[in-house]
Structure formats: C-alpha cells, structure tokens
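Undergrad: Here it is: the structure, laid out below.
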Amino acid sequence: MSVAGFVAWPAEVAVRYRSEGWWSGRPLDHLLRSAAEQLADHVAVVCGERRVTYRELDDRVDRKASGFERLGITARDRVVVQLPNVLELIETIFALFRLGAIPVMALPGHRRSEITYFCRHTDAKAYVVADEVLGFDYRALAREVEAALGRRLVTIVVGEPQEHDAYENLDEAPRDRRPVDASEVALLQLSGGSTGTPKLIPRTHDDYRYSVEQSVRVCGFDASVRYLVALPAAHNFPMSSPGILGCIHAGARIVLSPQPQPDVVFPLIQRESINVAAAVPPLARLWLLAARTRRVRFPSLRLLQIGGARLDADAAAAIRSGFECEVQQVFGMAEGLVCYTRLDDPLERILGTQGRPMAPGDEVRIVDDEDHDVAEGDVGHLLTRGPYTIRGYYDATEHNATAFTADGFYRTGDLVRRTADGDLVVEGRAKEQINRGGEKIAPLELEHHLLAHEGIVDAAVVGVQDNLLGERICAAVVAHPKHALTRKDVLRHLEDRGIATFKLPDRVELLPTLPKTKVGKIDKKQLAESLHRGAR
Ligand code: AMP
Ligand code: DBH
C-alpha cells in the first residue's frame with residue numbers, strides 16, 4: 001500500500017521497468033549506505049568549516065532517523081523541510097528516507113501561503129526549519145503556519161529552537177529497521193505549476209534513484225568530483241541532476257554554498273578546488289561578469305552545468321570561454337524527464353541545443369494542438385513518459401486529467417523541436433507560467449492573491465521579456481476608483497498574503513483597464529507586449 005494521493009504506474013509498466021533493471025528495488029538511503037561502505041573516509045560534505053566523511057554522514061543520519069522517530073515520525077508521514085544549503089538538509093532528507101517518511105522539498109523563499117498549503121495539502125506532521133537566515137525568522141513563520149492551520153506541527157529547528165524542538169537534540173542510538181519499499185513515494189518535489197495552487201510531485205525511491213543513476217552515468221560523475229551547490233539545494237536540479245544525490249551515488253564531494261553571489265561562491269571554488277558547478281542561466285552570466293571584472297580564474301573548474309531556463313548559444317559560448325571549462329545544458333523538470341547535452345558532443349550541439357533525454361526508457365513525443373505528431377523538425381508540444389516521469393501530481397485528480405494524456409504522457413507545456421541529430425531545442429512554452437531566471441511562477445496563483453484585495457477589480461500577471469532574467473514578473477492591476485491604490489500598497493498586500501519572496505512582482509502597473517480579446521478574456525499577449533514596449 002502506498003501513500004494516498006499517489007498515482008502509480010500501471011502494473012504491467014512497472015513490471016517492465018523492473019525487468020529492464022531500471023527500477024532496482026533499492027531505496028534512496030542505500031546510496032549513502034554503499035558510499036559509506038566503500039569510501040568511508042572520503043569527505044562527503046563541506047559546509048562552512050565543517051567537513052564530514054561518508055562514514056560520519058551515514059552514522060549521523062542513523063542517529064537522526066532514530067531522533068525523528070522519537071518525535072513520532074514514522075513511515076509515510078509527510079515532513080515539510082525548509083532549510084538553506086546546510087549539512088542538516090542532507091542529513092534530514094536521508095534520515096527521513098531511512099524511515100520511509102516523506103520530505104516535502106520547500107525552498108527557503110517560501111512563506112506562509114505556500115508552507116501552509118504544503119502542510120494542509122499533505123497533512124504534514126512535522127516542519128523542519130533553520131532558526132534565522134538573512135534576517136528572516138523561520139520560527140516565527142512556523143507559528144504563523146500553525147495559526148493558519150489551526151493545529152500544532154512538530155517543528156524542528158536547526159539552531160536556536162525557542163519553544164520548538166531542537167534539531168541538535170535528535171540524537172538517539174541507531175536502530176535496525178525494516179528496509180523501505182522502493183516502490184513507495186520517497187519525496188514530494190515542487191512544480192512551478194500553471195494553476196492557482198502549487199503542485200506537488202510524488203517521486204518514488206525507484207524512479208528518483210534511476211534518474212540519479214542515469215544522470216551520474218551521462219555526466220561522468222565519479223569520486224574525483226567536487227560539486228558546488230550554489231542553487232537552493234532542495235530544487236530538483238541541484239538535488240538530482242546529478243546533484244547532491246548523484247554525488248553520494250558516485251562517492252563525490254558536495255560543497256555547500258550558503259549563497260549564490262560571486263563574493264561567496266568564488267572563494268569557495270578556489271578554496272575547495274571545485275571542478276563541477278550547476279547554475280541557472282542568469283547566475284552563470286552574473287558569475288561570468290564578476291570573474292571578468294575581478295580578473296579571477298578558476299583552473300580547477302572542469303564543467304559548468306546550466307539549466308532551468310533557456311540558455312542561448314552566444315551566452316553558452318561566452319560562459320565556456322570565460323571560465324575555460326566545458327558547458328553542459330540541462331533541460332529538466334521536477335516531474336521527471338531530464339535532457340543533457342553530452343560531454344563529448346560536438347561544440348555546436350552543446351552550445352545550440354538543450355540536449356536529449358538521458359535514459360533508454362524515456363519516451364518523447366512532439367505533437368500539435370490535436371495531439372498528432374508534428375513533422376520531424378517542426379515545433380510542437382513536448383509530451384513525455386518513462387521510468388522516472390510521474391503519472392500524476394500528488395492528490396490532484398482534476399488537474400491530472402488535463403496535465404497527462406490518457407495513455408500517461410506528461411504534458412510538459414514546453415514547445416520544442418528535434419534537430420536532425422536528435423537533440424531537443426526549447427522554442428517556447430504553451431503553459432501559463434513565468435520563468436524568471438529558472439524560478440517558475442504561475443500567474444494564476446498571483447492573480448488570485450491580487451484579486452483578494454477589495455480595492456482591486458481586475459488583475460493580470462504576465463512575464464515581460466528581460467535581458468538578464470529571461471522574464472520579469474509584471475502585475476497589471478485595475479483599482480477601484482474609490483481606492484487610491486499605489487504600487488507600494490499592491491506589493492505590501494502581496495507580502496501580507498505571505499507569498500514566496502521570489503514570486504513578488506518586479507513591476508506593478510496600475511492601469512485604467514486591461515486589454516481584452518474578442519471573447520472578453522484578458523489579452524495577456526497584448527498586455528505583455530505593451531508592457532515590454534513601455535519598459536524600453
Ligand atoms: P518545473 O516543472 O517547475 O520543474 O520546471 C521545469 C520547466 O523548466 C521545464 O518544463 C521548462 O519549461 C523549464 N526548463 C528547465 N530547464 C530548461 C532549459 N535548459 N531550457 C529551457 N527551459 C528549461
Ligand atoms: O527547471 C527544472 O525544474 C530543472 C532543470 C534542470 C530540473 O528539475 C532538473 C534539471 O532536474
């Protein structure tokens with residue numbers, strides 16, 4: 001039996017994935033157990049001045065698992081984990097994997113609105129946070145979330161706990177336990193989504209592990225890798241492509257950067273002789289500019305992986321020559337499918353495409369609006385299915401009916417074409433989503449929050465083209481004449497609603513009316529274009 005709300009693969013498909021050897025039946029925490037057995041004294045994680053070996057990490061995870069258990073957390077319990085890039089994040093998720101409990105991978109930028117939703121929607125038992133990061137107090141957030149939920153959460157705090165439970169005290173003798181069933185849900189990842197509410201993505205031990213193993217193979221990770229985590233660690237890219245889990249599978253070294261800025265990252269690359277790093281396109285370009293002005297070089301850096309948003313060929317070439325390293329494009333999604341350019345691909349394919357699916361079991365279709373395959377080379381909707389692509393969002397029956405085809409393909413919402421070499425090129429998207437430098441934002445969700453203001457009669461949120469971020473979030477608002485609404489009021493309203501920091505609009509426009517289509521719907525295309533023209 002699996003956790004409720006999970007859509008499993010059809011039985012005959014699961015049988016095939018197992019017989020092909022794609023699903024190994026081994027749970028995720030075994031990645032760490034094997035590394036601890038084979039490379040006990042290798043450094044696994046560097047976090048500030050702390051360095052832990054694989055043996056130490058494995059031991060700590062065992063003790064933490066028993067500690068979580070003492071607080072009443074058992075198999076299938078959902079635990080919202082919202083930690084910055086610290087060792088405790090890695091320990092926590094592995095301790096939960098070991099118990100068969102299910103971490104919900106929140107990001108540090110999430111606020112009351114999202115965290116309350118995650119807790120309510122998953123009926124979470126516990127919440128793991130840091131005390132304070134960059135002046136923001138997560139213990140206070142935990143209080144607000146409990147008030148919104150109207151119930152208590154087991155809140156575990158890394159650092160000074162106040163009235164909550166101290167993470168430090170989760171330290172109990174390791175126990176023998178039943179191995180976890182690898183076909184069960186291991187974690188809930190998040191999707192940017194395109195609807196009014198965020199979507200949760202159930203990933204099983206079997207499927208996530210397969211995606212990590214395939215990533216490690218394609219990216220050539222081995223024990224010599226020193227991998228920099230500068231993006232938020234819980235995100236699917238730095239977690240699994242090959243990311244943190246890939247490093248553990250390969251016995252590589254994970255170096256956690258508390259922040260992504262050059263001031264923090266550059267000294268770390270030098271001090272730790274980093275050879276692989278992952279970035280979203282705007283971050284890679286920011287690093288490049290800073291490296292140029294400071295005239296620093298990074299001779300240890302071998303590979304820069306770039307994904308999360310479209311990287312154009314010129315930027316890819318500039319990054320490659322500026323850092324004197326190889327570039328790999330990563331086109332992935334927390335729902336599953338990950339495409340990579342291969343390390344030994346000809347340069348024009350590395351720079352000019354988003355690569356191709358990583359695994360033999362990946363199925364890809366490119367279709368028109370009627371779900372018919374387009375002619376080879378034409379642009380169409382990308383559909384995908386396979387041994388690590390979900391068959392449904394968590395507890396979302398209605399949305400799943402349109403987000404997946406009847407035969408189980410996930411509708412990615414991306415518009416792509418396939419080159420003669422078989423690589424995919426992302427040409428745009430059909431889904432209502434803003435991609436702000438790799439952060440995905442659903443306009444509908446923001447519009448709901450805006451319309452909750454009594455002085456706002458109409459609202460539309462659109463992505464406006466931006467040279468650095470790809471897109472910026474712009475909220476166009478029509479205020480009721482009786483309310484003398486200012487832009488500041490609108491932003492303050494959104495902050496009061498408790499939405500994630502990365503969803504706050506870059507720009508708020510107060511307009512007398514919004515452009516409408518012939519059938520009376522808001523014409524977002526025209527709106528985005530006029531806002532773009534207005535910005536120039
Ligand atoms: P999510 O479903 O929230 O995990 O976001 C995944 C989406 O990010 C994909 O469906 C694409 O729209 C976008 N994406 C990820 N990587 C790339 C890339 N390398 N190039 C273009 N778009 C990307
Ligand atoms: O954007 C993404 O979600 C993403 C990008 C690169 C991803 O999930 C991944 C690699 O695994």
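Undergrad: Mind checking which residues of the stretch 290-312 are open to solvent by 20 Å² or more (accessible area, probe 1.4 Å) and among the hydrophobic types (A, V, I, L, M, F, W, C)?
TA: Scanning the stretch 290-312 gives Val296, Ala309.
Undergrad: Right, another one. Considering only the stretch 161-246, give the strands (runs of 3 or more DSSP E) lying wholly within it that have at least 3 residues that are within 11 Å of ligand 2 (Cβ to nearest atom).
TA: Qualifying strands (runs of 3 or more DSSP E): 185-191.
Undergrad: Across the stretch 154-166, what is the number of residues that are over 24 Å from the mean Cα position of the chain (by Cα) and either aromatic (Phe, Trp, Tyr) or open to solvent by less than 30 Å² (accessible area, probe 1.4 Å) (or both)?
TA: Looking only at that region, the number is 3.
Undergrad: Which residue out of Arg349, Arg292 is within 15 Å of ligand 1 (Cβ to nearest atom), at pLDDT 95 or above and either under 19 Å from Gly470 (Cβ atoms) or part of a helix (DSSP H, G or I) (or both)?
TA: Going through Arg349, Arg292 in turn, just one is within 15 Å of ligand 1 (Cβ to nearest atom), at pLDDT 95 or above and either under 19 Å from Gly470 (Cβ atoms) or part of a helix (DSSP H, G or I) (or both): Arg349.
Undergrad: Just to be sure before I move on: is Thr412 polar (S, T, N, Q) and assigned to a loop (DSSP other than H, G, I, E, B) in the structure I sent?
TA: no
Undergrad: Moving on to the next point. Would you pick out the residues in the stretch 295-332 that are of a type in the set (S, T, N, Q) and within 16 Å of ligand 1 (Cβ to nearest atom)?
TA: Matches in the stretch 295-332: Gln305, Gln328, Gln329.
Undergrad: Shifting gears a bit: Taking the stretch 92-106, which residues are within 15 Å of Asp123 (Cα to Cα) and among the β-branched types (Val, Ile, Thr)?
TA: Answer for the stretch 92-106, where residues must be within 15 Å of Asp123 (Cα to Cα) and among the β-branched types (Val, Ile, Thr): Ile102, Val104.
Undergrad: Using the structure shown, decide if Leu446 is within 16 Å of ligand 1 (Cβ to nearest atom), in contact with a strand residue (DSSP E or B) (Cβ under 7 Å, 6 or more places away or on another chain), at pLDDT 95 or above and assigned to a helix (DSSP H, G or I).
TA: The answer is yes for Leu446.
Undergrad: Could I ask something else about it? Looking at (1) surrounded by 18 or more Cβ atoms within 10 Å (Cβ to Cβ); (2) more than 16 Å from ligand 1 (Cβ to nearest atom); (3) within 17 Å of the chain's Cα centre (by Cα), which one does Gln259 not meet, given that it meets all the others?
TA: Going through the list (1) surrounded by 18 or more Cβ atoms within 10 Å (Cβ to Cβ); (2) more than 16 Å from ligand 1 (Cβ to nearest atom); (3) within 17 Å of the chain's Cα centre (by Cα), Gln259 breaks only (1).
Undergrad: Taking the residues in the stretch 420-430 that are open to solvent by 20 Å² or more (accessible area, probe 1.4 Å) and touching a Lys or Arg at 6+ places or on another chain (Cβ under 8 Å) as candidates, determine which candidate is nearest to ligand 2 (Cβ to nearest atom).
TA: Checking each candidate, the answer is Val426.
Undergrad: Something else now. Of the numbered conditions (1) touching a residue at least 60 places away in the same chain (Cβ under 8 Å); (2) part of a loop (DSSP other than H, G, I, E, B); (3) charged (D, E, K, R), Asp458 satisfies every one except a single condition; which is it?
TA: Of the numbered conditions (1) touching a residue at least 60 places away in the same chain (Cβ under 8 Å); (2) part of a loop (DSSP other than H, G, I, E, B); (3) charged (D, E, K, R), the odd one out for Asp458 is (2).
Undergrad: Next question, about the same structure. When the stretch 179-197 is examined, which residues are found to be open to solvent by 10 Å² or more (accessible area, probe 1.4 Å), at pLDDT 85 or above and within 13 Å of ligand 1 (Cβ to nearest atom)?
TA: Selection gives Leu190, Ser191.
Undergrad: Starting from residues that are of a type in the set (Val, Ile, Thr) and within 27 Å of the chain's Cα centre (by Cα), keep the ones in the stretch 496-534 and report whichever is surrounded by the fewest Cβ atoms within 10 Å (Cβ to Cβ).
TA: Thr501
Undergrad: Are there strands (runs of 3 or more DSSP E) fully within the stretch 8-100 with at least 1 residues that are of a type outside the set (Lys, Arg) and over 23 Å from the mean Cα position of the chain (by Cα)? List them.
TA: Output list reads 43-47, 50-53.
Undergrad: Out of the residues in the stretch 265-289 that are in a loop (DSSP other than H, G, I, E, B) and away from ligand 1 (no atom under 16 Å from the Cβ), state the one that is surrounded by the most Cβ atoms within 10 Å (Cβ to Cβ).
TA: Ranking the qualifying residues of the stretch 265-289, first place goes to Ile274.
The values are calculated or read from the model by the stated rules, or taken from the named source; none is laboratory data. Just so it is clear, the structure is predicted and the values come from calculations on it, not from any experiment. Counting neighbours? That spans all protein chains shown, and the Cβs are built from the backbone with ideal geometry, glycine included. Quick note on the areas: whole protein, heavy atoms, side chains included, nothing else; ligands and nucleic acids left out. Shrake-Rupley method; radii C 1.70, N 1.55, O 1.52, S 1.80 Å.
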